[in-house]
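Read the structure below first, then the notes.
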C-alpha cells in the first residue's frame, strides 16, 4: 500500500504502523532499559510518524523511517539523565539486616522488566525467538546502559537486529567508518560489563521441574526446601531497594527475617526478559491476595542462580496480570 498523501484513511495508516510495534518496543526497551519507557517511546514514535506521514516520500522503507524516528525519540529521552542499573552495580552484597531497607531509589534508577510477549515475535522461527529472548536478558540490557546513547543504538542495530553498516550510517546521518568505530568501542565496553552466567535457550524438562518445585516451596514458604533449589552463590535483588543478597544462608536469613511477610503468597507464571517469571501476590488483609512483586528467575544448569523481585504493582497491569486473586 502506498504511504503519504495517497493514504485513503487514518485506519490504513495506523495499520501500517502497528505491524512494527513489537520490534520497535524491543528496540526502545534495549535503548532505555525500561518497559514503561519503551511503550511511551513507541507511542511517541507513532505520533511523530502520524504527524509527518505526508512528508514521507518513500525514498526509504517505512520500517527504516520508523526506526529513525524511534532512535531520535530514545536519544531525546536519554539526554541529560543517569543510566539505569541493577542493584548489583550500585554496591556490594549485604547481609540479612532490615537496616538496608532504608536505601530506596526511584524507579528511574533501575533496569526494569518487560513481558516477552510485548517483544518476542509471534511468527518467528525458534532460533529467532531464542535470539530475541537472549537480547532482552536483564544483565544484557543493564550492560547496554553503560554505552553512550549513539553507541548503544549502533550496537543494537548491528549486533542484535543485524542491520548493515551502510543502513545504520544512513539512519544516524553518519559515515560507515564512524559506525564501525562506534561498534568496536561498544563491543569493548560491553564485554567488560556483562557478567551474566544464566542459562540461555529453551527451558529443559529438568528445569521445568525445578521451577515447579520453586513454586511449591515458595507458596508453602518452606525456606529450608527453597534454598536447596539455589546455587550456593545465588543472588536475590529487590528493586527499588538498592540492597542485594548473595548466597543461600543470607537469602534464607532474609526470608525468615525481614521477608517473613511473604508467607502465604501465591505465584502466577509469566515470562519476562527471556526468563521464567512469576507474579507474586501477598495476602490481602481484606481477603484474597494482592499484587506485590514481579519475580524474574534466572537458571544456571540444575539450580536457580538468581531471582529478582521488582516490587512495583504497576508491572502487573503492564504484564496483563490480574490485580487481585480471590
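The values are calculated or read from the model by the stated rules, or taken from the named source; none is laboratory data. Just so it is clear, the structure is predicted and the values come from calculations on it, not from any experiment. Cβ coordinates were reconstructed from backbone atoms using ideal geometry, including for glycine residues, and neighbour counts include every protein chain displayed.
With the condition being free of Cβ contacts under 8 Å to residues at least 60 places away in the same chain and closer than 30 Å to residue 131 by Cα, I'd like the helices (runs of 4 or more DSSP H) fully within the range 176-279 carrying at least 3 qualifying residues.
Once the helices (runs of 4 or more DSSP H) in the range 176-279 are filtered for at least 3 residues that are free of Cβ contacts under 8 Å to residues at least 60 places away in the same chain and closer than 30 Å to residue 131 by Cα, what remains is 176-193, 205-220.
Can you pull out every residue in the range 50-67 that is surrounded by fewer than 17 Cβ atoms within 10 Å (Cβ to Cβ) and touching a residue at least 60 places away in the same chain (Cβ under 8 Å)?
Correct list: 60, 64.
Quick grid of which residues meet (1) over 15 Å from the mean Cα position of the chain (by Cα); (2) without any contact (Cβ under 8 Å) to a residue 12 or more places away in the chain; (3) crowded, with 17+ Cβ neighbours inside 10 Å; (4) outside any helix (DSSP H, G or I):
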{"site": "48", "(1), (2), (3), (4)": "yes, no, no, no"}
{"site": "77", "(1), (2), (3), (4)": "yes, no, yes, no"}
{"site": "80", "(1), (2), (3), (4)": "yes, yes, no, yes"}
{"site": "128", "(1), (2), (3), (4)": "yes, yes, no, no"}
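Which residue, of 252, 293, is under 20 Å from the mean Cα position of the chain (by Cα) and buried (at least 17 other Cβ atoms within 10 Å of the Cβ)?
293
Within the range 220-249, track down each residue that is loosely packed, with under 15 Cβ neighbours inside 10 Å and farther than 26 Å from residue 111 by Cα.
Listed by number, the residues that qualify are 220, 222, 224, 225, 228, 249.
Which of the residues spanning the range 134-163 are touching a strand residue (DSSP E or B) at 6+ places or on another chain (Cβ under 8 Å) and surrounded by 23 or more Cβ atoms within 10 Å (Cβ to Cβ)?
Once the filter is applied, which keeps residues that are touching a strand residue (DSSP E or B) at 6+ places or on another chain (Cβ under 8 Å) and surrounded by 23 or more Cβ atoms within 10 Å (Cβ to Cβ), the range 134-163 yields only 138.
Go through 8, 93 for me and flag whichever is at pLDDT 90 or above and either farther than 18 Å from residue 154 by Cβ or surrounded by fewer than 17 Cβ atoms within 10 Å (Cβ to Cβ) (or both).
Result: 93 is the single residue among 8, 93 that is at pLDDT 90 or above and either farther than 18 Å from residue 154 by Cβ or surrounded by fewer than 17 Cβ atoms within 10 Å (Cβ to Cβ) (or both).
I need the full set of residues from the range 307-319 which are surrounded by fewer than 19 Cβ atoms within 10 Å (Cβ to Cβ), out of contact with any helix residue (DSSP H, G or I) (no Cβ under 8 Å at 6 or more places or on another chain), farther than 15 Å from residue 108 by Cα and touching a residue at least 12 places away in the same chain (Cβ under 8 Å), in order please.
Matches in the range 307-319: 313 only.
What are the residues in the range 251-275 that are within 14 Å of residue 117 (Cβ to Cβ) and touching a strand residue (DSSP E or B) at 6+ places or on another chain (Cβ under 8 Å), if any?
269, 270, 271, 272, 273, 275
Would you say residue 322 is more than 14 Å from the chain's Cα centre (by Cα) and in a strand (DSSP E or B)?
no
Which condition number does residue 303 fail, the rest of (1) outside the structural domain of residue 227 (by TED's automatic domain parsing); (2) in contact (Cβ under 8 Å) with a residue 60 or more places away in the chain being met?
It fails just one condition, (1).
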